[in-house]
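One structure below.
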Amino acid sequence: MPTVTKLNLPPTLSRTVKKIINTRHYDKNNKLISGIPTLETLDDVYSTALPGRTISFDSFLNALHTKANANLNDANIYLASVPEPTISASTDSAFNNCNGKWTEYGFAAYAWNCLAKLNRDARASANSAAYSVYVYVKLPNRNSADNDWTQLLLSNITSVLSAYPARQSSRITDTTNSNYGRLFELISSNPDSVILKFDNTDALAIWQAKNITGIDLYTDITKLDVNTTTKLDSLFDAFKGQVLPSKNLQCFLSIKRSTRPDRRYQWVHEGDHIKTILQWIQVYSSTATPPLDSLRYEDLNGKFFAVSLSKISDADKDALNTGLVGSIVSPMLEPVWAVDKLMECRTFTDVATRIKEMIDF
């Protein structure tokens, strides 16, 4: 396989172009490729202002695609001048990997600003009394137990929950059973984000204890530079161990660009998994000593929303009327749905409308 020459790059090249050049490599087919610097490209386009309210998410992504291709072209102009082999054009797959992250950040900024306005209005109306504030927390990819959304829950909940799989596995004691020794796991993908609700004094205490700076519950996000996206990502770690479901958990959001048949059922699976875990916590909490204040079964509705950035169909809506498995196997209980509502969100103007719907559901 060919090797890549290490280059001393001139300061006139942008940091994004430098990253493209410095991360180029040959794939298994001896094709010279490089990844798209996701955060840097977002910074290149939106470091001074958010995308306009009325533009569509498709237009938002097109602007980023254009800049990514321009950066690659600049990298290849320099490589050809050295001369060094040029990098192949970015594939649709490479852009697909970036599209999800770009839309999550764009949506997060507008969602944050909607909640910041609610927080400001609540503070103005409180007249020095206590009031509630909302926090939008982006969730990381679930690539380890440390990044599972359940890590947001109080430690006395996560400690029992983490021990549950081993306890279930140990219940199969017959060595002739084909499942003897098999691991019993509670692994699923994280949704994109969660909205948390705290008393204003509790939120302030977390901000101070975790030394959160550069992002404020009452202040709008005005740009999507690398510093802002890093701050948004950091809130997951800051809120680990802080969430009591009955008090602090408003709802989860799962955002997808398309609703083709195979993807719409991912929403059903995500919602069912999350609500099943919350249902388990409700059962455990009622039997713990002392009992732990937690969500009641009937409170599970309103906790998981699907957001489509493209047009939704009646077939999409019908699929997302699927009931929670726990509600199906316990017919004496009231109905609970895996997904509470499928919402269409085509432009950034729509984001605030949808966030308010979730809060008021």
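Numbers below:
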{"item": "Coil-residue trypsin sites (Lys or Arg not before Pro) of the stretch 252-306, DSSP, other Cβ within 10 Å capped at 12", "result": "Arg296"}
{"item": "HN-Hα J in Hz across the stretch 37-50 - Karplus 6.51, -1.76, 1.60, θ = phi - 60°, x for Gly and Pro", "result": "x, 4, 5, 5, 5, 4, 4, 4, 8, 10, 7, 10, 6, 6"}
{"item": "Residue-wise HN-Hα coupling along the stretch 59-76, computed from phi with Karplus coefficients 6.51, -1.76, 1.60 (Hz; x: Gly, Pro)", "result": "5, 4, 6, 4, 5, 6, 4, 4, 5, 4, 5, 5, 5, 5, 4, 4, 4, 6"}
{"item": "Calculated P(r) of the stretch 241-360 - Cα pairs past 16 Å, %", "result": "62"}
{"item": "Loop trypsin sites (Lys or Arg not before Pro), the stretch 126-230 (other Cβ atoms within 10 Å of the site Cβ: 12 or fewer; DSSP)", "result": "Arg171, Arg182"}
{"item": "Angstrom value of the Kirkwood radius, inverse mean 1/r, which spans all Cα pairs in the stretch 81-216", "result": "19.5"}
{"item": "Gain in span if fully extended, Ser93 to Ala126, counting 0.36 nm per residue against the direct Cα distance", "result": "6.9 nm"}
{"item": "Rounded Å value of the spacing that divides the Cα centres of the stretch 221-248 and the stretch 143-167", "result": "19"}
{"item": "Relative contact order of the chain, defined on C-alpha pairs under 8 angstrom at six or more residues apart (%)", "result": "18"}
{"item": "Part-to-part distance (alpha-carbon centres) for the stretch 75-121 and the stretch 309-358, which is given in Å", "result": "28"}
{"item": "Residue of Thr322, Thr150, Thr12 that the Gaussian network model of the chain assigns the largest fluctuation, springs spanning Cα pairs under 10 Å", "result": "Thr12"}
{"item": "In the stretch 178-217, the chymotrypsin sites (Phe, Trp or Tyr not before Pro) that fall in loop regions by DSSP, at most 16 other Cβ within 10 Å", "result": "Tyr180, Phe184"}
{"item": "Count of lysine pairs in the stretch 17-128 with Cα separation under 25 Å (8 or more residues apart, or interchain)", "result": "11"}
{"item": "Of Pro37, Pro85, Pro51, the one that fluctuates the most in a GNM where the chain has Cα springs shorter than 10 Å", "result": "Pro85"}
{"item": "For the chain, built as a Gaussian network whose Cα springs stay under 10 Å, the top-fluctuating residue of Ala63, Ala130, Ala319", "result": "Ala130"}
{"item": "Helix-derived mean residue ellipticity, 222 nm - over the chain, DSSP H n ≥ 4, -39500 (n - 2.57), to 500", "result": "-15000 deg cm²/dmol"}
{"item": "Prolate/oblate/rounded call for the stretch 132-210, Cα gyration tensor, a/c under 1.5 rounded", "result": "prolate"}
{"item": "Zero-based 20 Å bins, Cα pair distances in the chain, whole percents", "result": "25, 51, 22, 2"}
{"item": "Extension gain from Met1 to Thr175, taking 0.36 nm per residue of separation minus the Cα-Cα distance", "result": "57.7 nm"}
{"item": "Degrees, to the nearest 10: 92-126 long Cα axis against longest axis of the chain", "result": "50"}
{"item": "Cut-off under 5 Å, modelled amide H: who pairs with Leu50 long-range", "result": "none"}
{"item": "Descending principal axes extents, the stretch 1-148, alpha-carbon based, whole Å", "result": "68, 36, 29"}
{"item": "Under 5 Å, built H, 5+ apart or other chain: amide partners of Ile221", "result": "Asn113"}
{"item": "In sequence order, calculated HN-Hα J values of the stretch 308-323 (Karplus, 6.51, -1.76, 1.60; Hz; x Gly/Pro)", "result": "9, 8, 10, 4, 9, 10, 5, 5, 4, 5, 5, 4, 7, 8, 4, x"}
{"item": "Whole-number D in µm² s⁻¹ for the stretch 1-62, Kirkwood Cα-pair radius fed into Stokes-Einstein, 4 °C, 1.567 mPa s", "result": "92"}
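Every read-out reported here was derived from the displayed coordinates using simple, explicitly stated rules and does not represent laboratory data. The shown structure was predicted, so the numbers you read here are calculated from the model rather than taken from an experiment. Cβ: placed from backbone, ideal geometry, glycine included. Neighbour counts: every protein chain shown.
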